[in-house]
Amino acid sequence: MPSVRRIAHEFLERQGLTTVFGNPGSNELPFLTGLPDGFRYVLGLHEGAVVGMADGYAQATGRPVLVNLHAASGSGNAMGALTNAVASRTPLVIVAGQQVRPAIGPEANLANVDAPALMRPLVGWAAEPACAQDVPRALAQAVFEARLQRRPAYLSVPYDDWAADAGENAPAVLDRRVERAGVPAGEQGRRLAEAVAGARRPALVLGGDIDTAGHFDDAVRLAERLGGPVWAAPSLFRLPFPNRHPLFRGVLPAGIEPVCRAFEGHDLVLVLGAPVFRYHEHLPGRYLPAGTRLIQVTEDASAAARAPVGEALVADPGAVIELLTEALGVSGEPVGDYRPVPAPRSAEGPRLHPEEVFAALRDELPADTVYVVESTSTASAWWRQMDLRRPGSYYFPAAGGLGFGLPGAVGVALGRPGRPVVGVVGDGSANYGITALWTAARHRLPLTVVLLRNGTYGALRWFGGLLGVPDAPGLDIPGLDFTRIAEGYGVPAVHADGVDELRAVLAAHPDGPRLVQVDTALTTP
Ligand code: TPP
């Protein structure tokens, strides 16, 4: 009979989970031994970076990805990064090493005493198989749970299970297929099409899921037939629509009252592929203007159930886009031209305004560049300057947990080798995932990191004003030189002193990673 390990490796291979992001410990080595030839192990030096890289990779490839973590300590280190993967609905399959079963009760070193409970609020499914022979089936369940729920799943495996005999039933999992279909039933589709076609002034709100699921261009077709304004959902983590398209009105502010204000005058708001809504700043008010009907279409049953307002249909937003585009027919109205970019603002003194940096990126880098952004006080500057027209062009930490930017950029660069990838990262944010630079160097990824150094936690300064607490300590971070830090991890780095130097640096396209540090002025989000 084959071992549990043999069946597990073969199952993972058949499911296409052959890239493993991990940081190993003694408990994990027995799983990692004898990996078949087609496997690739991507070592991250800290579990936060491991999960951030896996998240970026899974999002960029659109497929579940295997993550291997070390017991409770490694899983604990990964949890901040996991909050982002949960919010972006990334199907991570996390396998963590556990002590041998007899050592768990007495709490031997590296025993993860109640492993599933440790992770449960975050992951969609967590388990530790009750015996070695259940490991292959449980691993299959982890993969299918992650894929079906689009949420990380967690499996803790005692390390002596891997060498155990798998038993005669174990190979049955190898041929399993589990799929999902999400097309609305005829009557549901008809009602939805009637509501949309009958609306006087419909508005469309698109969530990150639209880009994740590959419906960016389909959303443009639907919007043009609808002819109404399009917003991106609040707390955006992927751009679902070209941001200079004439119908695009921007990212909705993440507060109840301003969202309500934006919908004023619309009789129907159709939300596709987003929760309703992921607010951030607590700005209370009515959820919707009087007389505005909201219909949400999402594959995420929990997002439908927990919304405080509106009707919801749990269905594949892609199928609904197709259905509605057909039902609406071709509109006679021209939509107009893409909106031009304004001249970038400049700052007083030697520091660059972030708009000058973003204008340089826009002008000097190819139009299909992918940006992984973790710069928190520069959002409005970003959207004023950028012109992103391709699917998969923009990633942001989905739950606002810092530490995604650098690792996420590394993961995207690994997953999308055909497109230029740029990480745009603040000097505060960079520290939470800094070890990912080592992985970028190790894999010689053609990744550019643009490091915006304003010497402070800019977004928190703005929040301090909003909350009426301008004197909170711990907001300044002077004295960091990321050119030296990057060099230490093996990534060549330069400090660009002005716009001309920045533009000249960006115009060169090295075939490995590089970090470009630039001093920027403080702006408000
Ligand atoms: N810790 C984590 C893991 N996530 C967070 N979001 C925070 C702390 C709180 N936080 C939000 S924004 C921010 C901090 C610390 C500052 C980020 O600074 P920087 O990257 O320099 O961007 P800036 O706001 O200056 O543009």
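At a Förster radius of 56 Å, what calculated FRET efficiency corresponds to the Cβ-Cβ distance of residue 286 and residue 169, to the nearest 0.05? Spell out each step's value before the answer.
Details: r = 57 Å, r/R0 = 1.01.
Calculated value: 0.50.
May I ask you to derive the relative contact order of the chain, considering only C-alpha pairs under 8 Å and at least 6 residues apart, and to give it as an integer percent? Don't skip to the end; give the middle numbers.
Values: 1197 pairs, mean separation 75.7, N = 525.
RCO, the chain: 14 percent.
Sort 143-155, 190-202 by packing, meaning the average of other beta carbons within 10 Å per residue, with the highest value first. Let's see the in-between values first.
Values: 143-155: 23.5, 190-202: 15.5.
Highest to lowest by the protection proxy: 143-155, 190-202.
Would you give the gap between the C-alpha center of region 467-525 and the C-alpha center of region 286-333, rounded to a whole Å?
Cα centroid of region 467-525 versus Cα centroid of region 286-333: 41 Å apart.
Could you compute the FRET efficiency for residue 29 and residue 477, with r as their C-beta to C-beta distance and R0 at 60 Å, rounded to 0.05?
On the way: r = 38 Å, r/R0 = 0.63.
So the FRET efficiency works out to roughly 0.95.
Note down the relative contact order for region 190-264 as a percent, whole number, built from C-alpha pairs under 8 angstrom at least six residues apart.
Details: 96 pairs, mean separation 21.9, N = 75.
Taking the mean separation of contacting Cα pairs over the length of region 190-264, I get 29 percent.
Spin-label point model (7 Å from Cα, Cβ direction): what's the residue 217 to residue 368 distance in nm?
1.2 nm
For region 283-299, just list the computed ³J(HN,Hα) in residue order, Karplus coefficients 6.51, -1.76 and 1.60, θ = phi - 60°, integers in Hz, with x standing in for Gly and Pro.
After applying 6.51 cos²θ - 1.76 cosθ + 1.60, I find 10, x, x, 6, 5, 9, x, 4, x, 9, 9, 10, 10, 10, 10, 8, 7 Hz.
Post the alpha-carbon centroid distance, region 182-252 to region 32-59, in whole angstrom.
The two parts, judged by their Cα centres, are 34 Å apart.
Starting from the Cα gyration tensor of the chain, take the square roots of the eigenvalues, sort them a ≥ b ≥ c, and report rounded, prolate or oblate (rounded when a/c is under 1.5, otherwise prolate if a/b is larger than b/c, else oblate).
Details: a/c = 1.82, a/b = 1.20, b/c = 1.52.
It comes out oblate by the Cα gyration axes.
Would you grab the residues whose amide H sits under 5 Å from the one on residue 3? Only those 5+ places off in sequence or on another chain, please, with H modelled 1.01 Å from N.
Sorted by chain and number, the residues that satisfy this are 166.
For region 424-525, what relative contact order do you get, as a whole percent, if you take Cα pairs closer than 8 Å and at least 6 residues apart?
Numbers: 149 pairs, mean separation 39.5, N = 102.
Dividing the mean separation by the residue count of region 424-525 yields 39 percent.
So how do 259-272, 394-407, 102-115 stack up, highest first, on mean other-Cβ count within 10 Å?
Numbers: 259-272: 19.5, 394-407: 26.6, 102-115: 15.1.
Going by the mean number of other Cβ atoms within 10 Å, highest first, we get 394-407, 259-272, 102-115.
When you count, for each residue, the other Cβ atoms within 10 Å and take the mean per peptide, how do 304-310, 236-242 rank with the highest first?
Put in order of decreasing packing, that is 236-242, 304-310.
Classify region 190-305 as rounded, prolate or oblate, taking a ≥ b ≥ c as the square roots of the eigenvalues of its Cα gyration tensor: rounded when a/c is under 1.5, otherwise prolate if a/b is larger than b/c and oblate if not. Please list the in-between numbers first.
Numbers: a/c = 1.31, a/b = 1.10, b/c = 1.20.
It comes out rounded by the Cα gyration axes.
Rule-based calculations on the coordinates, nothing more; no lab input. The model shown is predicted, which means the values in this text are computed figures rather than measured ones. Because the Cβ atoms are built from the backbone with ideal geometry, glycine has one as well, and the counts that use them run over all protein chains shown.
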